[in-house]
Amino acid sequence: SAAKPRLSARTFSDYEYLLKQYVRPSLSSIKLAELQPLEVQKLYADLQVRGLSARTVRYVHAVLSSALKQAVKWRMVFYNPAAAVELPKQSRKEMMALSPEEASQFLAAATEDRFGMLFIFALATGMRPEEYLALQWKDVDLDRGIATVQRTLIWPRKGGGWYFGEPKTAKSRRSIPLPASVVHSLSKHKRRQAEERLKAGPKYQNNGLVFATSEGTPIM
């Protein structure tokens, strides 16, 4: 709970999930003041045996260690037992990208899909899914050929519906130039969406989204 004020709702939800899913089942029977590095080390080893990647185990460690650091500050424990454990090595995988030929094939196939424009836009801009799914028409300047990231779309793990959140970092709030072909396709997409909205009538929820379901709601 101490971390909640400084974290986004989605990140806090992720932290809660990691602790509930991976830490509490193994350590909940141990009193906080009696927790030893060996028990934390065993937890990480067990998680790897269960098939979790080194990256996930390191993420679990970051959350658990942060909680224990706070416990030290509150003088609930004298030291952080997670600080003395060995972490699994994380291998760095080479980034994979589409070749120009593969991108052309992908775009050709995307035109046959209802969400083809979404795929074209994603490939052209490199935006994160939570960014382009939160994009509203007011964020797109078709005359200048620019799209601006202003917010993100969040679906909570616990359910309860979607909401808009802040971009991941300060640098995430940015403007991205659009190729002329994408601007042209977006204009056509906007006209089709307007026709879809008229056809749906009162049941259409106009959230101003560039990419939406046939009823105007965000795409999960």
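The values are calculated or read from the model by the stated rules, or taken from the named source; none is laboratory data. If you're wondering where the values come from, they're calculated on a predicted model, not measured in any experiment. A quick note on method: Cβ atoms are made from the backbone with ideal geometry, for glycine too, and the neighbour counts reach across all protein chains shown. Note: areas computed on protein heavy atoms with side chains; ligands, DNA, RNA excluded. Shrake-Rupley method; radii C 1.70, N 1.55, O 1.52, S 1.80 Å.
Observations on the model:
- With every protein chain in place, the range 1-100: carbon and sulfur % of accessible area (1.4 Å): 55
- Estimated inter-spin distance, SER29 and GLU102, nm [label 7 Å along Cα→Cβ]: 4.8
- Each of PRO167, SER65, LEU198 was placed along the dipole of the chain (beta-carbon charges, centred on the mean Cα), and the one lying farthest toward the positive end is SER65.
- ARG174 long-range amide H proximity, modeled H, under 5 Å: VAL149
- Links that overshoot a 23 Å alpha carbon limit, given the list LYS158/LYS203; LYS20/LYS93; LYS31/LYS69; LYS138/LYS190: LYS158/LYS203; LYS20/LYS93
- Seen from a random direction on average, the alpha-carbon convex hull of the range 83-194 projects onto 11.1 square nanometres.
- Cα long-axis angle, helix 100-110 against the chain (0 to 90 degrees, to the nearest 10): 70
- Semi-axes of the equivalent ellipsoid for the chain, Cα gyration tensor, largest first, Å: 44, 21, 16
- Applying both filters, DSSP loop and at most 11 other Cβ atoms within 10 Å, to the trypsin sites (Lys or Arg not before Pro) of the range 1-106 gives LYS31, ARG50, ARG75, LYS89, ARG92, LYS93.
- Å³ per residue enclosed by the Cα convex hull of the range 93-148: 120
- Degrees between helix 9-18 axis and first principal axis of the chain (Cα, 0 to 90, nearest 10): 40
- Under a Gaussian network description of the chain, with springs only between Cα atoms under 10 Å, the residue in PRO167, PRO100, PRO88 that fluctuates furthest is PRO100.
- The modelled label-to-label distance between ARG50 and GLU215, using points 7 Å beyond Cα along the C-beta direction, is 3.6 nm.
- The spacing between the range 90-107 and the range 166-212, judged by their C-alpha centroids, is 26 Å.
- Only helices enter the 222 nm calculation for the chain: every DSSP H run of n ≥ 4 contributes -39,500 (n - 2.57), and dividing by all residues gives -13000 deg cm²/dmol, rounded to 500.
- Most mobile of GLU39, GLU130, GLU102 in a GNM of the chain (Cα contacts under 10 Å): GLU102
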